[in-house]
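Okay, structure first, notes after.
The values are calculated or read from the model by the stated rules, or taken from the named source; none is laboratory data. Because the structure is a prediction, the values reported are computed rather than measured. Note that we place each Cβ from the backbone using ideal geometry, even for glycine, and neighbour counts take in every protein chain shown.
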Amino acid sequence: MAVIEKFLGRQVEIPEDRQYYAKQGLWAKPENGHLIFGFTEPALVLAGGINDLDWLVGEEVLVKPGQDVVFAITGKILYIDSPLQGTIFFNSEVKQNLSLTREDPYGKGWLFRIKPDAGMADAGQNLTDAHEYMECLKGSEGFKNPDGLKGGVSGICKAVYSGIREQKF
């Protein structure tokens, strides 16, 4: 298990027994001929948690790489696309209990699973390992602001927050 001690003010874990779809902050784990996908802890921290989820395609539908499959409301609106082509199945339990994504992101908090058309060997071509995923995170706000300071670390944000603090209403 890889651990980042300070990532936007939190400690986050990245299991080394999985692959990662870094573009969307998803982990992937093979199981019974399917790849299971869920949000990584760093992605959840950066998003500020999940407030709502909706499926954008039906259950057991053939999806293509890059096709939007999940709509998530966090501090932002996220469209999660499919990393590969195959038949998709959703975790209805997580939609009814969003806290699973926070409490057990690498277990019961998974979002969807896909049975790849190309077979398991070819399915993970655009996925990375834990080390590469950590490298991708190094340019994120989580690494740039390890203590989770309000207003972030950019000079512009600090100037805006300082200016707001000094205003008289």
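Structure values in brief
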| item | result |
| --- | --- |
| Long-range neighbours under 8 Å by Cβ, at least six apart or interchain, first residue farther than 15 Å from Phe39 by Cα within segment 125-140, second in a helix (DSSP H, G or I) | Ser140/Pro42; Ser140/Leu46 |
| Segment 24-49, residues that are farther than 25 Å from Ser92 by Cβ and either in contact with an Asp or Glu (Cβ under 8 Å, 6 or more places away or on another chain) or without any contact (Cβ under 8 Å) to a residue 60 or more places away in the chain (or both) | Leu46 |
| Candidates Leu56, Leu62, Leu137 - the one that is hydrophobic (A, V, I, L, M, F, W, C) and surrounded by 19 or more Cβ atoms within 10 Å (Cβ to Cβ) | Leu137 |
| Residue within segment 105-112 that is touching a Pro at 6+ places or on another chain (Cβ under 6 Å) and either touching a residue at least 60 places away in the same chain (Cβ under 8 Å) or within 13 Å of Gly25 (Cα to Cα) (or both) present | yes |
| Residue within segment 114-126 that is among the basic types (Lys, Arg) and at pLDDT below 75 present | no |
| Condition met for Leu35 (under 25 Å from His131 (Cα atoms) and part of a helix (DSSP H, G or I)) | no |
| Selection within segment 11-32 - in a strand (DSSP E or B) and closer than 14 Å to Ala43 by Cα | Gln11, Val12, Glu13, Ile14, Tyr20, Tyr21, Leu26, Trp27, Ala28 |
| Enumeration of residues in segment 45-62 that are touching a Phe, Trp or Tyr at 6+ places or on another chain (Cβ under 8 Å) and among the hydrophobic types (A, V, I, L, M, F, W, C) | Val45, Ala47, Ile50, Leu53, Trp55, Leu56 |
